[in-house]
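For reference, the structure discussed in these notes is given below.
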Amino acid sequence: MEPAARVVWRRCAGLWRAKTFCGAVVQEPVAVVPVPRLSCAILRAPSGCRTSVPSALYGQPASLTLCCPVRHLCTAAGSTMCWSCQEVVSSSELFCPSCSSIQPPDRRKDFYQLLDCERSFNIDIQELQRKYRNLQRLLHPDYFSQKSQRERDISEKQSSLVNKAYNTLLSPLTRGIYLLSLHGIVIAEGTEGGVDTPFLFEILEINERLNDLHTEAEIEEIGTFVQDKCQSLTEDVKKAFKKDDLDGAKMFLTKMKYYSNILDQVKKKILP
């Protein structure tokens, strides 16, 4: 054994013999091999039990004093630490299984995961509504009025995120646009890419007719025509996603956006 290695070995051996006893002091730092950083929580013994820990073990200045014994609890992938009791909480759990505290939103989850739905354009709307109502019964801020401010704030964030996810997946248009975004495809606002010139002329003509109409019956007739167009495009989008034709889905969704804007104008004219 090389002399330098022998010295390190002796120091480490001395540390191993002494580290389990409270009050044991290691005077000199030891050389250690760097290890990858892990997501860990340090759990400490009750106050009053203290020991000096070699500085090289923690990358801190010499003579750093920590509570003893020290245990590192490393969280597995897909789990976090409870903000209240520091226990491990799975990413699928909304409440800590140890202290029952509500947990902050997991930003790694997409809207489908948040509402426990299959990542698909074709989803069961009734099942989506049922899961949404169940989540809001658990997360709505009204149920946390007697809790701490921290828990009230978390419940408000969780409830707001669930609302956003539900409203996004409920509408075929926003659901399709969101599903495209999960594949890295974005339909930018104010663009005409992906649609042909005849379609743009059709949209222009419908808008001009709508602006000239004044009776509610005529306006509703335009609205019914546009709704039928949106329904037909919804079926086209469904087929495109089923065939994994993302470019086709993008084109149909772009057309749906134009028709959706016309429907908004129809509603404003009927209900000013």
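The values are calculated or read from the model by the stated rules, or taken from the named source; none is laboratory data. The structure presented is a predicted model; accordingly, all values stated were derived computationally and were not measured. Cβ placement follows ideal geometry from the backbone for every residue including glycine, while neighbour counts extend to all protein chains displayed. Just so you know, the surface numbers come from the protein's heavy atoms only, side chains and all, with ligands and any DNA or RNA stripped out. Shrake-Rupley method; radii C 1.70, N 1.55, O 1.52, S 1.80 Å.
The conditions of being farther than 29 Å from residue 164 by Cβ, surrounded by 12 or more Cβ atoms within 10 Å (Cβ to Cβ) and charged (D, E, K, R) are met by residue 221. Residues of segment 248-270 include none that is exposed (fewer than 12 other Cβ atoms within 10 Å of the Cβ) and closer than 21 Å to residue 119 by Cα. Here the condition is being touching a strand residue (DSSP E or B) at 6+ places or on another chain (Cβ under 8 Å), closer than 30 Å to residue 113 by Cβ and small (Gly, Ala, Ser); of 171, 155, 181, 160, it holds for 155 alone. Of the residues that make up segment 252-267, is at least one without any contact (Cβ under 8 Å) to a residue 60 or more places away in the chain and over 30 Å from residue 124 (Cβ atoms)? There is at least one residue in segment 252-267 that is without any contact (Cβ under 8 Å) to a residue 60 or more places away in the chain and over 30 Å from residue 124 (Cβ atoms).
Taking into account only those residues within segment 193-214 that are in a loop (DSSP other than H, G, I, E, B) and farther than 18 Å from residue 265 by Cβ, which is modelled with the highest pLDDT? Out of the qualifying residues, it is 196. Annotation: of all residues in segment 125-166 being of a type in the set (Phe, Trp, Tyr) and either open to solvent by 30 Å² or more (accessible area, probe 1.4 Å) or within 18 Å of the chain's Cα centre (by Cα) (or both), the one that is nearest to residue 95 (Cα to Cα) is 143.
Only one of these conditions is not met by residue 122: (1) out of contact with any Lys or Arg (no Cβ under 8 Å at 6 or more places or on another chain); (2) open to solvent by 80 Å² or more (accessible area, probe 1.4 Å). Which number is it? Looking at each condition in turn, residue 122 falls short on (1).
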